[in-house]
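Beneath this line is the structure, given in structure tokens, with notes to follow.
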Amino acid sequence: MDYDSEDGSDISHSEIPELAEKSYQDLKLGKHKVKIANGMYKCPFCLGKKKQEYHLKDLLQHSVGVGSSNRKAKVKANHLAMSRYLERYHTEKATPSLQLIVTKESSSTEQELFVWPWMGILVNLDTQINNDGKQVGPSGSNVKEQLSRFNPLKVNPQWSARGHTGWAVVEFRKDWSGFKDALAFEKYFEAQHLGKKNWYHRKYTGIDMHGWVARADDYESSGKVGDYLRKSGDLKTIAEITKEENRKTKKLVANLANEIEVKNRNLDELECKYNQTAMSLDKMMTDLKEMQYHAHNHSVKIIEENEKLREMLSLKRKELSFRFGELNSLVALTEMERKKLEDEKTKNAMISDSLRLATLKQKEADERVSNLLEEQKKERENSIRKILELEREMDAKQKLELEIEQLSGKIQVMMHMGSEEESTKKKMEEMQAELDEKVEEQQYLESINSSLMVKHFESNTELQNARKQLLKGLRDTLNARTKIGIRRMGALNVNAFQSVCKERLSKEDADVKATMLCSEWEEHLRNPKWHPFKIIKVNDKEVEILRDDDEKLVALKEQWGEAAYKAVTNALLELNEYNPSGRYIVPELWNIKEDRRASLGEVIEYLLQQWKLNKRKRA
């Protein structure tokens with residue numbers, strides 16, 4: 001049914017407020033007449049309609065209904081303007097304001113039978129005859145959008161063999177907020193005289209929708225609506241629903257109380273196990289420290305004894321050498337004396353050889369002791385590292401178990417709330433999935449933890465050795481033009497000093513000054529006593545950052561600018577990361593294209609590419 005002779009199909013709904021304001025001003029200026037003779041009114045925007053005369057309340061009802069319907073944008077704007085105009089300038093005879101009214105249920109309502117889950121009924125939906133001779137009407141989503149203020153879950157239009165029946169069932173949420181929305185829905189239509197009584201006592205059909213909350217008579221009625229209500233719901237009183245909810249709540253609270261008690265006992269057991277493990281680790285650490293102390297004392301004692309033996313052997317060798325010299329200087333007067341002298345020489349030579357062998361044996365023993373001490377040191381470091389990793393593993397395991405308990409508690413609490421909203425169900429499913437993931441993660445950590453520790457240590461050692469060998473072998477092959485190069489970490493950027501000196505000095509003086517500045521700051525960088533860093537905590541971890549108030553850096557920035565300051569601070573940060581103790585430049589494999597540390601995989605891939613390229617060239 002058309003309401004305006006003009007075409008408004010090209011006007012968007014976002015322009016409705018502007019069009020409504022323009023029509024409102026035209027009504028105020030008298031360009032459109034609404035009041036005619038004998039206290040009657042007409043709609044200036046529905047000139048083609050048969051009915052031209054209205055009482056004031058009927059015209060106001062007509063304008064509100066068309067303004068909230070699914071009409072063309074211009075038609076809705078004109079009728080919204082007319083309803084605003086009538087309420088402003090003709091309210092002395094109008095019906096009460098068509099506001100949303102929701103009242104508390106009376107005692108009679110509590111005993112009244114409603115269809116549950118809460119449902120509403122819409123009748124007299126706008127329908128038309130299509131080319132096939134069947135009735136078509138608005139979709140459920142369009143009607144739901146019009147009723148969005150009442151928060152409906154779904155609108156189900158009722159269809160028959162002849163098409164759209166003009167009736168629809170509105171579904172609300174099952175909880176009390178859904179009941180409140182359903183009553184507000186009913187009161188809204190009653191306030192416009194479009195309720196259930198108005199529909200069944202109507203004198204003419206009209207074009208406006210009527211609506212009410214589904215009750216026992218609707219549930220037991222014949223037809224499509226009654227069939228749908230009996231299929232989708234039941235008849236219940238408010239008292240019955242309240243009693244059932246209270247029973248479920250009490251049962252759920254009792255179950256939750258039992259589960260909480262069980263969880264508390266489990267938490268107590270976990271805490272007890274944790275305390276036992278912590279005490280065991282403390283005892284292990286104490287025993288380890290005691291073993292280290294005894295081993296250190298024993299090693300020191302062995303070294304001291306070896307040193308004393310070495311001194312004694314040295315004295316003996318000197319004494320024998322002296323005696324051997326004296327014997328050589330003596331002149332044998334007789335054959336017997338010469339023979340005796342030769343025998344003594346032979347004997348002294350044998351003793352000297354024995355002493356030399358003893359010295360070699362002592363040296364080998366010293367080397368074995370040194371190796372033994374080094375092995376003990378490595379074993380001690382490995383033991384300490386394994387204990388620390390075991391402590392971190394225990395902490396992670398305890399934290400994971402606590403997270404599992406917390407997630408379980410949250411899920412039980414949300415189940416206790418009993419909400420059936422889609423967002424709440426989705427959140428509960430996400431939390432359950434997260435809980436399952438945490439349990440799997442716990443099992444996985446327990447199964448592979450020990451093997452990962454060994455593999456990590458071995459692979460890290462192999463990678464470091466491989467990286468050193470690559471650096472050694474590729475030092476003369478890589479350069480700045482290749483994809484992978486060798487970067488000197490901690491080297492000072494000379495170009496930064498040359499640029500700032502050229503801006504302030506002549507070319508000859510700039511080169512000399514830049515060289516002097518670089519030499520000066522390279523000396524500062526190699527000085528381990530200069531440590532312009534401070535330690536801060538970030539996420540409970542200690543992090544070293546540069547000090548903003550360091551005198552040398554502040555003076556450099558003020559005198560030579562930001563570029564020179566950045567060159568020095570970058571070199572400082574690289575030295576602190578790659579060689580904080582030695583403070584000398586460290587070569588590193590570098591991805592020149594992406595300006596980052598190159599991985600072993602990238603270096604090997606690059607070498608294979610170069611090998612294939614050279615092979616093709618030779619072919």
Checklist entry - For the stretch 549-592, how many residues are in the same structural domain as Thr515 (by TED's automatic domain parsing), polar (S, T, N, Q) and in contact with a helix residue (DSSP H, G or I) (Cβ under 8 Å, 6 or more places away or on another chain)? => result 1
Checklist entry - Does any residue of the stretch 475-484 turn out to be free of Cβ contacts under 8 Å to residues at least 60 places away in the same chain, assigned to a helix (DSSP H, G or I) and of a type outside the set (D, E, K, R)? => result no
Checklist outcome for this item: If we keep only residues of the stretch 485-506 that are among the basic types (Lys, Arg) and either surrounded by 16 or more Cβ atoms within 10 Å (Cβ to Cβ) or at pLDDT 85 or above (or both), then the residue farthest from Glu577 (Cα to Cα) is Arg504
Next on the checklist: With the structure loaded, tell me whether Lys557 is among the basic types (Lys, Arg), free of Cβ contacts under 8 Å to residues at least 24 places away in the same chain and at negative phi or whether it fails that test.
Outcome noted: yes
Checklist entry - Do we find that Asn306 is in contact with a helix residue (DSSP H, G or I) (Cβ under 8 Å, 6 or more places away or on another chain), part of a helix (DSSP H, G or I) and farther than 30 Å from Arg385 by Cα in this structure? => result yes
Checklist entry - Can you spot a residue in the stretch 518-535 that is without any contact (Cβ under 8 Å) to a residue 12 or more places away in the chain and in contact with a helix residue (DSSP H, G or I) (Cβ under 8 Å, 6 or more places away or on another chain)? => result no
Checklist outcome for this item: In the stretch 226-237, anything free of Cβ contacts under 8 Å to residues at least 24 places away in the same chain and surrounded by 13 or more Cβ atoms within 10 Å (Cβ to Cβ) is listed as Gly226, Arg230
Item to check | Any pair with Cβ under 9 angstrom, 6 or more apart, that starts in the stretch 205-225 at a residue that is under 21 Å from Thr237 (Cα atoms) and ends at one that is polar (S, T, N, Q) and not in a helix (DSSP H, G or I) | outcome: Val225/Gln158; Val225/Thr165
Checklist outcome for this item: Note: among Glu304, Glu337, Glu326, Glu342, just one is at pLDDT 85 or above and either under 60 Å from the mean Cα position of the chain (by Cα) or surrounded by fewer than 13 Cβ atoms within 10 Å (Cβ to Cβ) (or both), namely Glu304
Next on the checklist: Being part of a helix (DSSP H, G or I), modelled with pLDDT under 85 and of a type in the set (A, V, I, L, M, F, W, C) is the requirement here; does Val331 meet it?
Outcome noted: no
Checklist entry - Got a number for residues in the stretch 229-277 being touching an Asp or Glu at 6+ places or on another chain (Cβ under 9 Å) and closer than 30 Å to Glu393 by Cα? => result 4
Checklist entry - Any residue in the stretch 525-541 that is within 29 Å of Leu471 (Cα to Cα), at pLDDT below 85 and either hydrophobic (A, V, I, L, M, F, W, C) or outside the structural domain of Gly485 (by TED's automatic domain parsing) (or both)? => result yes
Checklist entry - Name the residues in the stretch 584-603 that are free of Cβ contacts under 8 Å to residues at least 60 places away in the same chain and either under 17 Å from Ala514 (Cβ atoms) or not hydroxyl-bearing (Ser, Thr, Tyr) (or both), would you? => result Glu594, Asp595, Arg596, Arg597, Gly601
Checklist entry - Going by the conditions given, is Ala216 surrounded by fewer than 21 Cβ atoms within 10 Å (Cβ to Cβ), under 18 Å from Glu112 (Cβ atoms), among the hydrophobic types (A, V, I, L, M, F, W, C) and assigned by TED's automatic domain parsing to the domain that holds Met119? => result yes
Next on the checklist: Would you confirm, using the coordinates I've provided, whether Arg380 is assigned by TED's automatic domain parsing to the domain that holds Lys250, modelled with pLDDT under 70, charged (D, E, K, R) and within 30 Å of Ala295 (Cβ to Cβ)?
Outcome noted: yes
Checklist entry - Would it be correct to say that Val143 is of a type outside the set (D, E, K, R), outside the structural domain of Ser68 (by TED's automatic domain parsing) and in a helix (DSSP H, G or I)? => result yes
Checklist entry - Checking Cys46 against (1) outside any helix (DSSP H, G or I); (2) at pLDDT below 80; (3) under 29 Å from Ser148 (Cβ atoms), which single condition isn't satisfied? => result (2)
Checklist entry - What number of residues in the stretch 494-506 are closer than 13 Å to Trp560 by Cβ and either of a type in the set (Asp, Glu) or assigned to a loop (DSSP other than H, G, I, E, B) (or both)? => result 2
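For (1) of a type outside the set (Lys, Arg); (2) in the same structural domain as Gln52 (by TED's automatic domain parsing); (3) at pLDDT below 90; (4) assigned to a helix (DSSP H, G or I), each residue gets a yes or a no:
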{"position": "Arg173", "(1), (2), (3), (4)": "no, no, no, no"}
{"position": "Ala182", "(1), (2), (3), (4)": "yes, no, no, yes"}
{"position": "Phe185", "(1), (2), (3), (4)": "yes, no, no, yes"}
{"position": "Tyr188", "(1), (2), (3), (4)": "yes, no, no, yes"}
{"position": "Trp199", "(1), (2), (3), (4)": "yes, no, yes, yes"}
{"position": "Tyr204", "(1), (2), (3), (4)": "yes, no, yes, no"}
{"position": "Ile207", "(1), (2), (3), (4)": "yes, no, yes, no"}
{"position": "Gly211", "(1), (2), (3), (4)": "yes, no, no, no"}
{"position": "Ser222", "(1), (2), (3), (4)": "yes, no, yes, no"}
Next on the checklist: Restricting to the stretch 157-171, count the residues that are under 44 Å from the mean Cα position of the chain (by Cα) and modelled with pLDDT under 90.
Outcome noted: 0
Checklist entry - For Pro152, are the conditions met, namely being under 19 Å from Leu229 (Cα atoms), in the same structural domain as Ser232 (by TED's automatic domain parsing) and at pLDDT 85 or above? => result yes
Next on the checklist: Please go through the stretch 473-484 and give me each residue that is surrounded by fewer than 14 Cβ atoms within 10 Å (Cβ to Cβ) and within 21 Å of Asn579 (Cβ to Cβ), ordered by number.
Outcome noted: Arg475
Checklist entry - Residues in the stretch 238-254: is at least one part of a helix (DSSP H, G or I), crowded, with 19+ Cβ neighbours inside 10 Å and not polar (S, T, N, Q)? => result no
Checklist outcome for this item: Exactly one of Arg215, Arg247, Arg202 is touching a Leu at 6+ places or on another chain (Cβ under 7 Å) and not hydrophobic (A, V, I, L, M, F, W, C), and that one is Arg215
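The values are calculated or read from the model by the stated rules, or taken from the named source; none is laboratory data. This structure is a prediction, so every number in the text was calculated from the model and none was measured. So basically every Cβ, Gly included, is an ideal-geometry build from the backbone, and we count neighbours across all protein chains shown.
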